[in-house]
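Q: Can you keep this structure in mind? I'll have questions shortly.
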Amino acid sequence: MSTNKIKHIGVFTSGGDSPGMNAALYAIAKSAEVNGIKVSGYRKGYEGLIDGDLVQLKSHELQKLTQKGGTMLKTARSRRFLELEGRKKALETLNANKIDALIAIGGDGTFKGLLAFSEICNIPFIGIPGTIDNDISGTDYTLGFDSAVNTAIENIDKIKDTAESHNRVFIVEVMGRDSGYIGIHSGLMVGADAILIPESGTDFMYLLDKVKNYDSEDAFLIVVSEGDEIGAELVSSKIKEVNPNVDLRITKLGHVQRGGNPSALDRMLGIRLGVAAVNALLQGRSNVMAGVLNNQLHFTSFEEVVKQHEVNKELKELLELFGK
Ligand code: F6P
């Protein structure tokens, strides 16, 4: 489609919500308005696309939500969109709503959905990476990751206070699905005695060695990513085997990491990527995700984006130095 034909953009948030999504929606609405383009939002991700659950977005209404976590458009993990039947229904909805282009904010599942949808729908799609997991290729950071790490460290700092008072071993599980980004960042920043992430493999003998000789005169803090193969419970039982005297607790931080006001970095990322997505459509781009690499805007094809973005070599070296 030629760029000047874009009169009406549809936008939705999908998958797990993440702080910064509202800032991106505001930026999309603002930038589209300036270019004389109407923007409508589908509520509840792909579910709303299938059902035609549409609301018009106005930048002055979104402006005050920039500092708020979650997503004002709601979100969902749609099973129906995984089926061709659901995608055909979504195509009918887009045609009926006269949508010329689509912007989706979400994680890798969202981009896989767009790839499948592009087989039957030929309007341009632009993606914005929104997930606390930071597991997306083509961007240094995803919306919500920085806020989630800040929430994690704030909470682990508190756990450390009580752990130190009781000289306890604490295992804190953080989110991240199959990725260790939240684990390695939060673990390094709280000075954990050990950090276990999916990318570090199954070798945790070093940890057992450390705990075996642990003298109960201090706290011992282990940060483990939820996607780690061994997991909090098994680590706990192995520790008790090698040192039955330890006073051990497990805390799973859980969904608290997804909520809260977005950090400065996430608000700024939302604003930058929202504007970049609209500009990309105006420039005639299609089926790419807007991201930031080395602090420069960068566009990456959906095929590249869905490849797993693993913790890089430098971070793994930090893990070797501080987390073992
Ligand atoms: O992808 C974001 C995330 O918070 C993961 O870190 C976590 O594994 C998952 O979503 C939890 O999903 P749900 O909210 O559907 O339980």
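Q: With a 1.4 Å probe and every protein chain left in place, tell me how much accessible area E217 has, in Å² to the nearest 10.
A: Ignoring ligands and nucleic acids, E217 comes out at about 130 Å².
Q: Could you work out the helix-only [θ] at 222 nm for the chain, with each DSSP H run of four or more residues adding -39,500 (n - 2.57) and the total divided by the number of residues, to the nearest 500 deg cm²/dmol? Working shown, then result.
A: Working: 12 runs with 131 residues, N = 324.
So the calculated ellipticity at 222 nm is -12000 deg cm²/dmol.
Q: Taking only Cα atoms, what is the 0 to 90° angle, nearest 10, from helix 84-96's long axis to the longest principal axis of the chain?
A: 50
Q: Can you pull the accessible area of H166 for me, 1.4 Å probe, Å² to the nearest 10?
A: Number for this one is 100 Å².
Q: Between the alpha-carbon centers of region 1-50 and region 276-308, tell me the distance in whole angstrom.
A: Computed from Cα coordinates, the inter-centre distance equals 15 Å.
Q: Using modelled backbone amide H atoms (1.01 Å from N, in-plane), which distant-in-sequence or interchain residues come within less than 5 Å of G20's amide H?
A: Placed amide hydrogens put G70 under 5 Å from G20.
Q: Right, another one. Report the label-to-label distance for L84 and N294 in nanometres (one decimal), using points 7 Å from each Cα along the Cα→Cβ vector.
A: For the pair L84/N294, the computed spacing is 4.3 nm.
Q: Further question: Simple spin-label model, 7 Å along Cα-to-Cβ: D203 to E304 in nm?
A: A separation of 3.2 nm, rounded to one decimal place.
Q: Please list D146, D228 in order of solvent-accessible area, largest first, computed with a 1.4 Å probe with all protein chains present.
A: Details: D146 40, D228 10 Å².
Result, largest first: D146, D228.
Q: What is the chain by shape, rounded, prolate or oblate, if you read a ≥ b ≥ c off the alpha carbon gyration tensor as root eigenvalues and call it rounded for a/c under 1.5, prolate for a/b larger than b/c, and oblate otherwise?
A: On the way: a/c = 2.54, a/b = 2.31, b/c = 1.10.
It is prolate, given that a/c is not under 1.5 and a/b is the larger ratio.
Q: List the extent of the Cα atoms of region 150-189 along each of their three principal axes, largest first, rounded to whole Å.
A: Cα extents, longest axis first: 32, 17, 13 Å.
Q: Taking R0 as 41 Å, what's the FRET efficiency between D51 and E229 from their Cβ-Cβ distance, rounded to 0.05?
A: Working: r = 39 Å, r/R0 = 0.94.
Approximately 0.60, to the nearest 0.05.
Q: Further, regarding this structure: Report the FRET efficiency, 1/(1 + (r/R0)^6), for K238 and L265, where r is their Cβ-Cβ distance and R0 is 45 Å, rounded to 0.05. Mind showing how you got there, number by number?
A: Values: r = 37 Å, r/R0 = 0.82.
Computed FRET efficiency for K238 and L265: 0.75.
Q: Quick one: which of 132-144, 232-244 comes out on top by average Cβ neighbours within 10 Å, and what's the full order, highest first?
A: Values: 132-144: 25.9, 232-244: 15.2.
Ranked from most to least packed, the peptides come out as 132-144, 232-244.
Q: OK, next. Using each residue's phi in region 256-273, evaluate 6.51 cos²θ - 1.76 cosθ + 1.60 at θ = phi - 60° and report the 3J(HN,Hα) Karplus result to the nearest Hz, with x for Gly and Pro.
A: Here the 3J(HN,Hα) series is 4, 5, 8, x, x, 5, x, 5, 4, 4, 6, 5, 5, 4, x, 5, 4, 6 Hz.
Q: Taking amide H positions as placed in the peptide plane 1.01 Å from N, state which residues far from E173 in sequence (5 or more) or on other chains have amide H under 5 Å from it.
A: Residues meeting the criterion, in which the H sits 1.01 Å from N, are V224, T251, K252, L253.
Q: Using θ = phi - 60° and the Karplus relation 6.51 cos²θ - 1.76 cosθ + 1.60, list the HN-Hα couplings for region 131-148 in order, rounded to whole Hz, with x at every Gly or Pro.
A: After applying 6.51 cos²θ - 1.76 cosθ + 1.60, I find 6, 6, 6, 6, 9, 10, 6, x, 7, 5, 9, 9, 4, x, 4, 4, 5, 5 Hz.
Q: Additional query: Under unit Cβ charges (Lys, Arg +1; Asp, Glu -1), what dipole magnitude, rounded to 20 debye, does region 1-63 have relative to its Cα centre?
A: Working: 7 positive and 6 negative charges, 59 e Å.
Charge dipole of region 1-63: 280 debye, to the nearest 20.
Q: Moving on to the next point. Which cross-chain or sequence-distant (5 or more) residues have an amide H under 5 Å from the amide H of I103, H modelled 1.01 Å from N in plane?
A: The answer is G10, V11, F12, I126.
Q: Could I ask something else about it? Explain nothing, just the number: relative contact order of region 146-259, from Cα pairs under 8 Å at least 6 residues apart, as a whole percent.
A: Details: 204 pairs, mean separation 45.4, N = 114.
Computed value for region 146-259: 40 percent relative contact order.
Q: Per residue Cα convex hull volume for region 146-259, in cubic angstrom? Walk me through the numbers before you get to the answer.
A: On the way: hull volume 9.4 nm³, N = 114.
Convex hull volume per residue, Cα atoms: 82 Å³.
Q: Note the full-extension length gain between K7 and H166 as 0.36 nm times their separation in residues minus their Cα-Cα distance, in nm to one decimal. Don't skip to the answer; put the middle values down first.
A: On the way: separation 159, 0.36 × 159 = 57.24 nm, distance 6.25 nm.
Fully extending the segment from K7 to H166 adds 51.0 nm.
Q: Something else about it: Got a sec? Charge dipole of the chain, +1 on Cβ for Lys and Arg, -1 for Asp and Glu; which of I37, H309, P262 is way out at the positive end?
A: It is I37, whose Cα lies furthest towards the positive end.
Q: Can I ask one more? Could you give the size of the charge dipole of region 146-259 about its Cα centre, using +1 on the Cβ of each K and R and -1 on the Cβ of each D and E, expressed in debye and rounded to the nearest 20?
A: On the way: 11 positive and 20 negative charges, 52 e Å.
That gives a dipole near 240 debye.
Q: Now, a different point. Could you sort L82, L282 by their accessible area in this structure, using a 1.4 Å probe and putting the largest first? Don't skip to the answer; put the middle values down first.
A: On the way: L82 120, L282 55 Å².
The ordering from most to least exposed comes out as L82, L282.
Q: Could I ask something else about it? In whole Hz, with x marking every Gly and Pro, tabulate ³J(HN,Hα) for region 98-108 from phi via Karplus 6.51 cos²θ - 1.76 cosθ + 1.60, θ = phi - 60°.
A: Result, rounded to whole Hz: 6, 8, 9, 7, 10, 10, 10, 10, x, x, 5.
Q: Checking the table K7/K58; K30/K58; K158/K252; K58/K112; K5/K74 against a 18 Å threshold on Cα-Cα, which pairs fail?
A: Working: K7/K58 15 Å; K30/K58 8 Å; K158/K252 13 Å; K58/K112 29 Å; K5/K74 29 Å.
Listed pairs above 18 Å: K58/K112; K5/K74.
Q: Can you tell me the dipole magnitude for the chain around its Cα centre, using point charges on the Cβ only (Lys, Arg +1; Asp, Glu -1), in Debye to the nearest 20? Could the numbers behind the result be given before it?
A: On the way: 36 positive and 42 negative charges, 352 e Å.
With Lys and Arg at +1 and Asp and Glu at -1, about 1700 debye.
The values are calculated or read from the model by the stated rules, or taken from the named source; none is laboratory data. Keep in mind that what you see is a predicted model, and the values were worked out from it rather than measured. With ideal geometry, Cβ positions are generated from the backbone for all residues, glycine too; neighbour counts draw on all protein chains shown. Heavy atoms of the whole protein, side chains included, go into the accessibility calculation; ligands, DNA and RNA do not. Shrake-Rupley method; radii C 1.70, N 1.55, O 1.52, S 1.80 Å.
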